[in-house]
Structures are given as structure tokens and as C-alpha cells.
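To start, the structure itself, in C-alpha cells.
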Amino acid sequence: STLFPYTTLFRSSYIDKSKGKISEGKIEFGLKTNENGERYLYCLDNGKGMSKHIIENYLLKIGSSYYKSPEFYQSQAETGNTFTPTSQFGIGILSCFMIGDRVEITTREEEKEYVSCVMENIHECFYYKDVTDVIPSSGTLVKIFLNAKYKDKISNEHLDNIGYLLWKNKFAKDS
């Protein structure tokens with residue numbers, strides 16, 4: 001039996017002072033195949049989610065990190081949230097295209113409308129699409145549709161290793 005079978009789930013707690021409680025952060029990784037036979041790696045979290053403004057002004061602008069922006073710090077101050085981001089350089093989304101040809105994102109800020117978009121290849125097109133995936137409350141689902149080189153090379157064992165490294169990193173910080 002593996003430590004993280006089939007999907008990898010990473011949990012951490014953070015204080016959300018705007019709600020007056022400790023919230024449990026969740027990140028889930030998995031591999032699936034859609035109805036068209038396309039294999040994709042997904043990451044689903046129950047974080048803050050993104051608005052169209054954040055997508056257009058930070059996610060799509062290489063080198064522009066929302067987590068380094070005055071908007072983020074203002075939001076942190078207003079909510080009293082203790083979340084500490086790991087994003088530094090605003091290039092994370094580019095790494096998806098090392099293993100995939102298309103990235104689909106569905107995201108939702110709490111009590112707001114869903115936003116769903118697609119990026120095809122690194123230099124191709126970006127567009128918004130109808131929402132087909134549902135996220136409870138708030139969070140983001142990122143699907144990386146694997147390219148021909150990687151569609152048969154990435155396995156659940158690889159995801160188990162990612163889960164172990166995340167767990168180990170959290171354990172090391174907490175001890």
C-alpha cells in the first residue's frame with residue numbers, strides 16, 4: 001500500500017481571521033482521462049480562488065506575481081489571513097507547458113461567480129470558456145493536458161512522491 005494512493009492530498013491549517021476560525025487548506029493532485037481520451041494531471045485546492053482581474057493582471061503576465069502585489073497585502077490586512085505564499089517570480093504557470101499542451105483553469109472566489117479559462121500552448125491563445133467543473137465554496141482547479149511525450153510517463157507513483165515531499169516539508173516546518 002502506498003502512502004498516497006491514486007490522488008495525493010496535502011492538508012495544512014491556516015487562520016482565517018475574517019471567519020474567526022482555523023481553516024484547513026487542502027491540495028489534491030491526480031491523473032484522469034476525459035471523455036475524449038485526453039490524459040491530464042490536475043491540482044485542486046480550496047484556497048482563495050481567482051477573479052478575472054487577477055487572471056488577466058497577474059497569472060497571464062509573466063514575471064508578475066499577485067503574491068508580491070500591493071493588492072495581495074491589502075487583502076491580507078483586511079481579512080487578517082495568515083497565509084504565506086510560496087510564489088516568487090510569476091512564472092509558475094509556464095512550467096505547466098513543459099509537460100502539457102493545454103491548461104484549463106476553473107476558479108472561484110468565495111460567494112462569487114465561477115471563472116473558467118484555457119491556455120493553449122505557451123505562445124498560442126487564451127480564452128474564457130463555459131464552466132464545466134464545480135468547486136465547492138472557493139478554490140482553483142488546474143488541469144494540465146499532457147503532451148505526447150509525457151502522457152504515458154506520468155503515473156500515480158509520481159504523484160505519491162509529490163505528496164510525500166509536500167508532507168515531509170510540512171512536517172519539517174511544524175517540528
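Read-outs throughout are calculated quantities, based only on the coordinates presented, and are distinct from any laboratory measurement. A quick note: this is a predicted structure, and the numbers were derived from the prediction, not measured. Counting neighbours? That spans all protein chains shown, and the Cβs are built from the backbone with ideal geometry, glycine included.
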Which entries of Lys61/Lys143; Lys26/Lys143; Lys32/Lys129; Lys52/Lys153; Lys61/Lys129 have Cα-Cα distances beyond 23 Å here?
Lys52/Lys153
Tabulate in residue order the Karplus-calculated ³J(HN,Hα) for segment 36-50, using 6.51 cos²θ - 1.76 cosθ + 1.60 with θ = phi - 60°, rounded to whole Hz; enter x for Gly and Pro.
8, x, 7, 8, 9, 9, 10, 9, 10, 10, 10, x, 6, x, 10
For segment 91-132 and segment 32-52, compute the distance between their C-alpha centroids and round to whole Å.
9 Å
Spin-label point model (7 Å from Cα, Cβ direction): what's the Glu35 to Leu60 distance in nm?
2.8 nm
Calculate the FRET efficiency for Asn147 and Ala77 from the Cβ-Cβ distance with a Förster distance of 30 Å, rounded to the nearest 0.05.
0.15
Prolate/oblate/rounded label for segment 96-142 (Cα gyration tensor, a/c 1.5):
prolate
Once phi for every residue in segment 149-160 is put through the Karplus expression 6.51 cos²θ - 1.76 cosθ + 1.60 (θ = phi - 60°), the whole-Hz ³J(HN,Hα) values, with Gly and Pro written as x, are 5, 10, 4, 9, 9, 8, 10, 5, 4, 4, 5, 4
